[in-house]
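Only one structure is covered here, and it is reproduced in the block below.
The values are calculated or read from the model by the stated rules, or taken from the named source; none is laboratory data. Quick caveat, the model's predicted, so the values are computed rather than measured. As a convention, Cβ positions derive from the backbone with ideal geometry for all residues, glycine included, and neighbour counts pool all protein chains shown.
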Amino acid sequence: MSGNSDDYEAALKSPAPETVATFSERKGALAHLQHALHVNPALIPLFVLVVSIILFGLLLGSKFFSPFALTLILQQVQIVGIVAAAQSLVILTAGIDLSVGAIAVLSSVIMGQFTFRYGLPVEVAVAAGLIFGTLIGSVNGWLIAAMKLPPFIVTLGMWQIVLAANFLYSKNATIRSQDIEQQAPLLQFLGTTFNIGADADGRGGATFTYGVIAMVLIFAVLSYILSQTAWGRHVYAVGDDPEAAQLSGVNVKRTIISVYAVTGFICAIAGWALIGRIGSVSPTSGQLLNIESITAVVIGGISLFGGRGSIMGPLFGALIVGVFTLGLRLAGADAQWTFLLIGALIIGAVAVDQWIRKVSA
Amino acid sequence: MKKLLIGTALAAITTAGSAMADGHAISACLITKTDTNPFFVKMREGAEAAAAEAGITLRSYAGQVDGDHETQVAAIETCILDGASGILLTASDTSSIVGAVTQAREAGLLVIALDTPLNPIDAADATFATDNFLAGELIGQWAAATLGDGAASARIAMLDLAVSQPTVGVLRDQGFLQGFGIDLADPNVNGDEDDARIVGNDVTAGNEEGGRKAMENLLAVDPSVNVVYTINEPAAAGAYEALKSIGRENDVLIVSVDGGCPGVQNIADGVIGATAQQYPLQMAALGIQAIAAFAVDGTLPENTEGKDFFDTGVALVTDQPVDGVESISVEEGMALCWG
């Protein structure tokens, strides 16, 4: 035995380890970056966001680099942003939710129809919309966790069911902004705007809506919950390795159901914000929210394989899309260029994710 | 002309009735882009009423969403198998559907394009539609007349339908510019005009969400916009919200096309200045009558004089009429509105 250990000592003194050492030192710088990104995956989207704002600012000058234009981007991404926060939770558990947009729209329709068709107090209608979203989310979660059906299939089906129910129930009738304003202004609450630094006529300056504030708050609260509470750690654990999580005492089933329920609840809030944003209750809006939210999540660096990613990433992801859309619009480019660049960003983001994954392998 | 057609149709209905008694029931198909849009809902109501009156069996099909081409092709194939006498079709994809339409016509069916002309327009036996160029022209003339001398220095935002520039979007957009007195360059293309009064074009997908975003984008390009053309009334409502959020809703003129009930109500409320109203119920009813006539003795519907389609009419609705542009009041518009 002792003879063997002597042999190891001898091997260490041979010249070979020195070459290995220099080799690993060269790899070390890259590995260092890889490790940094592994620990804090929101760094890349934040970097892309800052660079794109600077680039468009240089290209377009004050037209883009004004408080008005920059806060306009926030207003334009608020709905996608809120839905992306919900989508992030699901994707962290290695799931996917295709029904997010449909839940948001039907929740908004319920808020509107309960007020205008049944004459219920608007507070009750809003609560009913929020409860409805949570319920649909719970059903998704139950089918996935208890019935062991794949998330993609469950939410694909739920998307169709909720969307069809939305059109049947609403008869595709729009509730006009003017009626809402007169009879149920609470529905438009999240659309309330306030200005900072506007001129005497109330124009220009930074314009915020309560919906934008709501989006930022949702991200802040989720960020705290995911990093500081047991439930938050369980979400990551379930996404990383459900068997291991189960063995270490996490109630995987309950965690997954609660994640989809919270997702449904947040989508219903997005539906409420949608009324504020477009003024009216329109059953045809939000059709692309599922794809747009997944895009924001992926660009935001959350791994589709679950268990890894920072909740702030999708906020940056949504903002990157918003910056590209408005920036290219102001630069006079064809709208298709936006989609082309977003497509490239998605593939780039997933490629980077695969590379980062190797650090843990 | 219209009366003449209805007359023929009525004559046909009586004959059709007796044919039914002989056990040769006539059936017709209605294929719409979706069955949720109030415009198509109204269209189906019109077709059902006319079919019941004529004793025709009507089968309705619709795509799941606007742009659902495959479902429409399958519906045409079903109608051919079913032995229908004719098809009323609002195509989602106006060129790709031509193959299936040709197949139906070769099988002896009468195919009438409703609302949306096929590409080419003569791929269908007939087209019953709104004159969308005229609809645009009416609101363009109204906007120019309302601004008066201000028209020379107007700042115009163009809120169109989609990047792919579907025919209906191009006709309304170009009609508006023609009515306003702006050189069109190529009348088949949106956004190629070089008149300095145009701030820019953006797309809305024809809904509130898109309308708001497009308006915000164009306001970011130039905040002094004071005339807004919109493809339809939901887009107009969205544009209004964007203007309201920066406190400019009262000094901007919004014009639109469609004549849906919420849109007409928005004129009364001062959201939209004027809209050009179209008549889906009429389109479908006339279409069914034409199929009835064709089933009896092979009569083919004729086009409106000077046009390559049958014009089902359009009227300007506004509560601020101007000299030289014929219009109807909001009350009259409400009586005729759909959805």
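Restricted to the stretch A:116-139, and to residues there that are over 17 Å from A:ILE269 (Cβ atoms) and not in a loop (DSSP other than H, G, I, E, B), the residue that is nearest to the chain's Cα centre (by Cα) is A:VAL139. For the stretch A:58-76, a residue qualifies if it is of a type in the set (A, V, I, L, M) and either within 8 Å of chain B (Cβ to nearest Cβ) or closer than 25 Å to A:GLY276 by Cα (or both), and the qualifying residues are A:ALA69, A:LEU70, A:LEU72, A:ILE73, A:LEU74.
Among the residues of the stretch B:62-89, those identified as buried (at least 16 other Cβ atoms within 10 Å of the Cβ) and polar (S, T, N, Q) are B:GLN64, B:THR71, B:GLN72, B:SER85. Consider the stretch B:26-42 and keep the residues that are in contact with a strand residue (DSSP E or B) (Cβ under 6 Å, 6 or more places away or on another chain) and part of a loop (DSSP other than H, G, I, E, B). The one that is modelled with the lowest pLDDT is B:ASP35.
When residues in the stretch B:255-264 are screened for being within 13 Å of chain A (Cβ to nearest Cβ) and either crowded, with 22+ Cβ neighbours inside 10 Å or on the phi > 0 side of the Ramachandran plot (or both), 5 of them pass.
Of the residues in the stretch A:302-315, at least one is farther than 17 Å from A:THR93 by Cα and in contact (Cβ under 8 Å) with a residue 40 or more places away in the chain. Got at least one residue in the stretch A:281-288 being surrounded by fewer than 24 Cβ atoms within 10 Å (Cβ to Cβ) and under 15 Å from the mean Cα position of the chain (by Cα)? Yes, because at least one residue in the stretch A:281-288 is surrounded by fewer than 24 Cβ atoms within 10 Å (Cβ to Cβ) and under 15 Å from the mean Cα position of the chain (by Cα).
Annotation: of all residues in the stretch B:218-246 being within 22 Å of A:VAL281 (Cβ to Cβ) and at the interface with chain A (Cβ under 7 Å from one of its Cβ atoms), the one that is surrounded by the most Cβ atoms within 10 Å (Cβ to Cβ) is B:GLY238.
Considering only the stretch B:185-213, state which residues are of a type in the set (A, V, I, L, M) and either at the interface with another protein chain (Cβ under 9 Å from one of its Cβ atoms) or part of a loop (DSSP other than H, G, I, E, B) (or both). Spell out how you get there, then give the answer.
As a first pass, look at the stretch B:185-213 and keep what is of a type in the set (A, V, I, L, M): B:185, B:189, B:196, B:198-199, B:203, B:205.
Scanning the stretch B:185-213 gives B:ALA185, B:VAL189, B:ALA196, B:VAL203, B:ALA205.
Against the conditions (1) farther than 21 Å from B:ALA285 by Cα; (2) at pLDDT 95 or above, B:VAL111 satisfies every one except (1).
Test B:LEU218 against the criterion of being touching a helix residue (DSSP H, G or I) at 6+ places or on another chain (Cβ under 7 Å) and farther than 23 Å from B:PRO321 by Cβ, and give yes or no.
Details: touching a helix residue (DSSP H, G or I) at 6+ places or on another chain (Cβ under 7 Å): no; farther than 23 Å from B:PRO321 by Cβ: yes.
So B:LEU218 does not fit the description; no.
The single condition among (1) within 14 Å of another protein chain (Cβ to nearest Cβ); (2) surrounded by fewer than 22 Cβ atoms within 10 Å (Cβ to Cβ); (3) closer than 30 Å to A:SER170 by Cβ that A:GLY205 does not satisfy is (3). Taking the criterion of being touching a residue at least 12 places away in the same chain (Cβ under 8 Å) and crowded, with 21+ Cβ neighbours inside 10 Å, would at least one residue in the stretch A:346-353 satisfy it? Yes, that holds for at least one residue.
Here B:THR127 meets the list (1) within 30 Å of B:ALA315 (Cβ to Cβ); (2) without any contact (Cβ under 8 Å) to a residue 12 or more places away in the chain; (3) of a type in the set (S, T, N, Q) almost entirely, failing just condition (2).
Might you let me know whether the stretch A:254-266 holds any residue that is away from chain B (no Cβ under 14 Å) and either assigned to a loop (DSSP other than H, G, I, E, B) or of a type in the set (D, E, K, R) (or both)? Steps first, answer last, please.
At the first step, the residues of the stretch A:254-266 found to be away from chain B (no Cβ under 14 Å) are A:254-266.
Within this subset, residues satisfying the condition of being either assigned to a loop (DSSP other than H, G, I, E, B) or of a type in the set (D, E, K, R) (or both) are A:254.
Scanning the stretch A:254-266, I find at least one residue that is away from chain B (no Cβ under 14 Å) and either assigned to a loop (DSSP other than H, G, I, E, B) or of a type in the set (D, E, K, R) (or both), so the answer is yes.
The set of residues in the stretch A:270-280 that are of a type outside the set (Gly, Ala, Ser) and either surrounded by fewer than 24 Cβ atoms within 10 Å (Cβ to Cβ) or within 12 Å of chain B (Cβ to nearest Cβ) (or both) comprises A:LEU274, A:ILE275, A:ARG277, A:ILE278.
The set of residues in the stretch A:145-195 being within 14 Å of chain B (Cβ to nearest Cβ), among the hydrophobic types (A, V, I, L, M, F, W, C) and not in a helix (DSSP H, G or I) consists of A:ALA173, A:ILE175, A:PHE194.
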